[in-house]
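Below is one structure; the comments refer to it alone.
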Amino acid sequence: MRDSLRSRLTLSYILISLVCILTISILTNVFLEKQFREYTIRNQERKNEEIADLIGKQYGNNGVWNYTAIENMGVNVIEQGMIIRVIDNYGRVVWDAAVHNNGLCKQMLDNMVNKMSRHYNNWDGKYRVKEYSIYHNKNKIGNVVVGYYGPFYYNDNDFAFIHALNKFLIGTGVFSLFFALILGGFMAKWLSNPIDVAHELRTPLATIQSYIEAMIDGIWKPDRERLMSCHEEIMRITRLVGRREDMVKISVKDTGIGISPEDLPFVFERFYRADKSRNKLTGGSGIGLTIAKTIVDLHKGRITVQNNFDKGTEFIVLLPKASSNK
């Protein structure tokens, strides 16, 4: 019984754990990735505006551009996946990343495409260009053209975060499975420990005690009707009892619906009900057959069940005869 109960409890806990982890993983990957994608789009726009603002500050009061600072910023943003071109109000190119180092720009763009395509088969990104006006003392002094791959792009840090999140979810799933195994074993051991079922026997024993006391005290009078009832009951029980050389056989048979084959192996387990619609309030606590089997086992007998589904069930009890020298 303990092994069966442990297996069923463990499997149920594992199933619940798997469903919860799978649901959390799907929701996390769908909703969190959607939010993360929107964040990268907003972050890219913020970077574009910041670089445009910084380049605008490289225009001096004397009307001269700080070419060295612009070049340093342009080379730095190439490594972030952005290619910039600075144009003044007269349409003249102040600085162009593609002219400065076309090979590095092409290499960076190819690397971005390969990286995103490797992780997202249906990625529909393409090279995009946005133009931002730049100002000095509230006067427009030119434009900054920013080229990048969009609508979104994940850098190495972004991919590291996504991989770390997936590893965490996998680790949580493995831990949940081990925890389910331990919890299933613990619950099976706790539920299969002997418990006091004396209260289930107290009512019928008290009834029998009151009848016996009444007979002893002479209150219960054996009139004809009562004697006939006792005789019929004795004859009914006698018909149920068969005899063998060394055993007494008691057979109880009904013509009900029987027990389903999947419930049959568990009918003697404590608190098991073949009829799932019944509970302690509607009748039956699932320990009657367990008590019967325990009593039979204590008398070194055995109890078996023969089931014919939809036709009835027969319980057979075999008890050893008492020795003749006792």
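Going from the fewest other Cβ atoms within 10 Å to the most, the residues S229, S25, S12 appear in the order S229, S12, S25. By the beta-carbon count within 10 Å of each Cβ, the least crowded to most crowded order of I16, I84, fewest first, is I16, I84.
Compute the length gained on full extension between S260 and M247: take 0.36 nm times their separation in residues and subtract their Cα-Cα distance, giving the result in nm to one decimal.
Values: separation 13, 0.36 × 13 = 4.68 nm, distance 2.95 nm.
Roughly 1.7 nm would be gained on extension.
Among the GluC sites (Glu not before Pro) in the stretch 47-116, which ones are in a DSSP loop with at most 12 other Cβ atoms within 10 Å of the Cβ? Mind listing them?
E79
In this calculation the C-beta distance from L177 to D88 is compared with R0 = 51 Å, giving a FRET efficiency of 0.20. Here the residues D156, D53, D96, ranked from fewest to most Cβ neighbours within 10 Å of their Cβ, fall in the order D156, D53, D96.
In the structure displayed, which of K106/K138; K115/K138; K249/K311 lie more than 31 Å apart, Cα to Cα? Too far apart for the 31 Å limit: K106/K138; K115/K138.
Here, each number is a calculation from the coordinates, and none is a lab measurement. Fair warning: this is a prediction, and the values are worked out from it, not measured in the lab. For neighbour counting, all protein chains shown are included, and Cβ atoms are generated from backbone atoms with ideal geometry for every residue, glycine included.
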